[in-house]
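*Asks:* Pasting in a structure now, in structure tokens, and then I'll have a few things to ask.
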Amino acid sequence: MIVILFLLLFLFFGFGFSIWMSMGLSGVIYTLIQGQVSLKTIASNLVQGIDSPTLVAIPFFILAGDLMNRSGITKKLADFAAYFVGGFKGGMAYVAVVVNFIMAGVSGSAVADATAVSSILLPTMEEQGYDKPFAASINAAAAVIGPIIPPSIPMIYIAVISNISIGKLFLGGIGPGILMALFLAASIFIVSRKRNYPVHKIKKSWPEFFSLLKDTFFALLTPIIIILGVVFGVVTLVEVAALVILYILVISIFVYKSITLKDIFAAFKHTAIFSASIMIIFAVVGVYQYIVVQDQLGEKLQMFLASMHFSKTAFLIAVNVFYIFMGCIIDAVPVMLIFFPVLLPVAMSLGIDPTHFGVITVFNLMIGLLTPPVGALLFIETKIANIPFGQLVRASMPYTIVLFIVLFICTFVPEIVMFIPNLVL
């Protein structure tokens with residue numbers, strides 16, 4: 001019977017319904033077909049889906065990233081990064097990776113990072129002679145680092161639905177995030193040499209360095225405040241997110257003096273709308289979680305895999321292939337929220353650490369943002385760069401493959417994920 005649920009889900013997706021509506025309608029219709037629950041029970045599960053204090057942190061992190069963009073801090077970070085890596089051939093491409101890496105420590109969202117950084121860097125890269133498809137594709141690939149480096153909004157999703165330590169998940173993303181940046185930098189090195197991309201000319205001197213450091217010092221402290229606050233338990237995730245908002249507002253208004261009241265209201269408005277779209281998905285996931293428990297889907301899947309005699313390696317390969325396929329056809333959020341709680345007990349029964357499995361799940365599904373036909377980052381970069389969708393897909397393919405290579409390494413060398421969590425916690 002559970003097959004009916006997913007057939008209905010994909011049917012509504014096919015008709016062009018939004019994510020939350022597709023999940024909500026399919027969940028409600030399925031439970032009514034079963035005839036075992038009332039509409040009151042469905043309403044109760046909708047409320048339970050968002051009944052988690054941790055979810056309050058999500059709008060705060062979205063707002064933090066938006067305020068940084070509107071206050072011009074992202075541009076300052078780009079100038080700071082250019083001072084160090086702009087002098088290499090293809091320097092602005094390296095800048096894209098570095099700035100996305102830093103911004104990842106604030107917003108935790110690939111879409112937010114891509115929008116902010118690409119809006120600043122793409123016009124500059126075009127002026128300096130980079131072809132548009134390359135510039136757009138490397139910015140899109142670098143934005144995938146956003147949800148891997150802490151704080152990560154998708155990892156908050158994982159923590160909420162599985163009770164895995166958010167501190168461990170955050171720390172587990174650092175190793176893969178660094179590896180992603182290094183592999184992307186290596187690919188930039190190869191492409192830039194082959195295509196003879198320009199060096200970003202910048203005056204290097206101690207006065208220039210100290211001037212840039214003065215402009216970015218307080219901004220660079222933001223991700224450090226988040227990571228130290230959460231990991232060492234000084235404050236809760238929600239508290240540190242709220243403190244970061246206050247911190248960014250203070251430095252934007254009193255230090256940089258670069259944000260207006262109009263900008264602040266616009267940021268709050270955008271955050272409210274975006275957060276509502278996330279929370280309504282969590283509400284309908286509450287219905288799905290009820291169905292999974294009632295139909296004993298987790299137990300049935302575990303029995304099925306046991307009958308197939310899956311080894312740990314075979315399971316990880318199968319899950320990664322499944323995630324890659326699902327990431328190509330639907331958005332990452334429903335895949336994560338529906339299937340992760342079902343697959344996690346199976347993974348743990350095979351001896352896979354839940355933190356490792358959680359990080360790999362997020363990593364895999366975030367690469368899905370680069371895969372057609374529904375890759376959100378592809379649509380964003382197509383719009384910003386004003387290039388055909390197909391052209392961007394072809395240009396981004398090498399960097400998507402690079403990220404899949406990093407995923408493969410992190411999947412089968414769990415120490416890359418687990419070294420820092422085990423060292424610190």
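*Asks:* For the range 311-361 and the range 61-118, compute the distance between their C-alpha centroids and round to whole Å.
*Replies:* 30 Å
*Asks:* Quick check: pseudo-label points 7 Å beyond the Cα along Cα→Cβ at Ala43 and Cys328, how many nm apart are they?
*Replies:* Reported label-point gap for Ala43 and Cys328 is 4.3 nm.
*Asks:* Using θ = phi - 60° and the Karplus curve 6.51 cos²θ - 1.76 cosθ + 1.60, what whole-Hz ³J(HN,Hα) does each residue of the range 352-358 get, with Gly and Pro shown as x?
*Replies:* 8, 5, x, 5, 4, 5, x
*Asks:* Further, regarding this structure: Compute the separation of the alpha-carbon centres of the range 183-242 and the range 268-290 and state it in Å as a whole number.
*Replies:* First find each Cα centre; the distance between them is then 31 Å.
*Asks:* In whole Hz, with x marking every Gly and Pro, tabulate ³J(HN,Hα) for the range 254-260 from phi via Karplus 6.51 cos²θ - 1.76 cosθ + 1.60, θ = phi - 60°.
*Replies:* 9, 9, 7, 6, 10, 10, 9
*Asks:* Which links in Lys40/Lys168; Lys132/Lys262; Lys132/Lys214; Lys76/Lys269; Lys76/Lys132; Lys168/Lys269 stretch past 26 Å when you go from one Cα to the other? Please report the intermediate quantities before stating the final value.
*Replies:* On the way: Lys40/Lys168 37 Å; Lys132/Lys262 32 Å; Lys132/Lys214 32 Å; Lys76/Lys269 24 Å; Lys76/Lys132 23 Å; Lys168/Lys269 32 Å.
Long pairs (Cα-Cα over 26 Å): Lys40/Lys168; Lys132/Lys262; Lys132/Lys214; Lys168/Lys269.
*Asks:* Using each residue's phi in the range 109-116, evaluate 6.51 cos²θ - 1.76 cosθ + 1.60 at θ = phi - 60° and report the 3J(HN,Hα) Karplus result to the nearest Hz, with x for Gly and Pro.
*Replies:* Result, rounded to whole Hz: 10, 5, 5, 5, 5, 4, 4, 5.
*Asks:* Separation between the Leu228 and Lys214 pseudo-spin-labels, each 7 Å from Cα along Cα→Cβ, expressed in nm?
*Replies:* 2.4 nm
*Asks:* Now, a different point. Among the listed pairs Lys257/Lys383; Lys75/Lys203; Lys75/Lys204; Lys89/Lys203, which are separated by more than 22 Å between their Cα atoms?
*Replies:* Numbers: Lys257/Lys383 31 Å; Lys75/Lys203 17 Å; Lys75/Lys204 18 Å; Lys89/Lys203 16 Å.
From Lys257/Lys383; Lys75/Lys203; Lys75/Lys204; Lys89/Lys203, over 22 Å: Lys257/Lys383.
*Asks:* Residues in the range 41-79, backbone N under 12 Å from the label point at Gln294 (7 Å along the Cα-to-beta-carbon vector): list them, ranges by number please.
*Replies:* Residues 41-46 fall inside that zone.
All of the numbers you see were taken from the coordinates with simple rules; none came from a lab. Just so it is clear, the structure is predicted and the values come from calculations on it, not from any experiment. So basically every Cβ, Gly included, is an ideal-geometry build from the backbone, and we count neighbours across all protein chains shown.
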